[in-house]
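The values are calculated or read from the model by the stated rules, or taken from the named source; none is laboratory data. Values in this document were obtained by computation on a predicted structure and should not be read as measured data. Neighbour counts run over all protein chains shown; Cβ positions are idealised from the backbone, glycine included. SASA here: full protein model, heavy atoms, side chains in, ligands and nucleic acids out. Shrake-Rupley method; radii C 1.70, N 1.55, O 1.52, S 1.80 Å.
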Amino acid sequence: MKGVTVCLPIVYGSIAWHVTKKGDSQDQCTHQWTLYVRSPHGHDLSTVLKKTVFTLHPSFLNHIREVATHPFEVTEKGWGEFEALVDLHFKDAHEKSVELRHFVKLFHGNSASAQPNNKKPVVHEYYDEVVFTDPTEEFYQCLQHLGESKTHRHTLQDLFPLYNDVEDVRRIQAAHEFITDQLRTAKDKLLRVESSAKAILDERRALVVPPTPVAPTLQSVVSTTAAAPAPAPATAPATAPTSTNPSAPAPTPPVTSTAPPSAAPALTTAIPTTTNNGNAPSGSHAPTAAALPSTTANTTAEAPVQAMPAVSTAPTSTAPEPPASN
């Protein structure tokens, strides 16, 4: 059956009693024990189990035992603890056998030196589930009808632990009540701590006096003004980079002129002087043209500047020319 998964719950373990020796018996056995595989709900496992093989300690006679009927168990006597193997073989040949390992325990506690208890047996068992994936139709029906087969009450039934939902629900309820009580206690502690912290904070706030504001004085104003940053100094002009290669030609210096800027020639005009009657000037003065300032030759041999000629402004004569002779 593809996509079908079925679980088979089982319990495997051992139960041991202390045996009291009688008289001068040479028997060294101190305990009687039973190794078993059972259903936690009291069902007959022979519905699905073909046989169970118990492998005991090699010191036992016939230490490999096969059991093919219910109950699937082995009872023996001994004086020491050991590990046994339990192989489960199912009725469906397609299903592989399951191997279990169990330690047969004879003493209470973790040591053989513990005081034996003749009234209380040592029960040591485990609950487990065997999972079947994609079982055949026939074996699936066997697993489904397992709950319909009830067995007779086992002689050790009162000594076996119970595996049912009632016990699980009781444990869950007990754990829930414990956690709820712990949360309630923690919440109460947290509320008390918060209340105490708030009271302490209120007391500290009541003791703190707010500072009185102070008006600024003249001295503080002067100090603020004096603390103003000074203007940044003017930066010097960058200099031309110099070459560090001695074989490189020296750079040509820039040409600058040392001559003063050229000016237009100054013209001096003589103002004629008139006589008392105003007919003719008493004299004339020729205007002198001031020579332009000479320029100084510079390194580039500029062309010389020529002086402008003098211009006369004297009045011309108005006397009549003599008549020509015949």
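Among the residues making up the stretch 10-38, none is under 55 Å from the mean Cα position of the chain (by Cα) and at pLDDT below 90.
For the structure I just gave you, tell me whether H102 is modelled with pLDDT under 85, in contact with a Gly (Cβ under 9 Å, 6 or more places away or on another chain) and not hydroxyl-bearing (S, T, Y). The answer is no for H102.
Just for the stretch 154-169: of the residues that are more than 43 Å from the chain's Cα centre (by Cα) and in a helix (DSSP H, G or I), which one is nearest to L45 (Cα to Cα)? Per the stated criteria, the residue is Q157. Pairs linking a residue in the stretch 138-150 that is at pLDDT below 80 and in a helix (DSSP H, G or I) to a residue that is open to solvent by less than 70 Å² (accessible area, probe 1.4 Å) and of a type outside the set (D, E), with Cβ atoms under 8 Å and 6 or more positions apart or on different chains, are G147/H43.
Listed by position, the strands (runs of 3 or more DSSP E) enclosed by the stretch 9-98 that each have at least 3 residues that are open to solvent by 30 Å² or more (accessible area, probe 1.4 Å) and either without any contact (Cβ under 8 Å) to a residue 60 or more places away in the chain or not small (G, A, S) (or both) are 49-55, 64-67, 72-78, 82-90.
In this structure, is F132 part of a strand (DSSP E or B) and open to solvent by less than 20 Å² (accessible area, probe 1.4 Å)? Before you say what the answer is, go through the steps one by one.
Numbers: part of a strand (DSSP E or B): yes; open to solvent by less than 20 Å² (accessible area, probe 1.4 Å): yes.
So F132 fits the description; yes.
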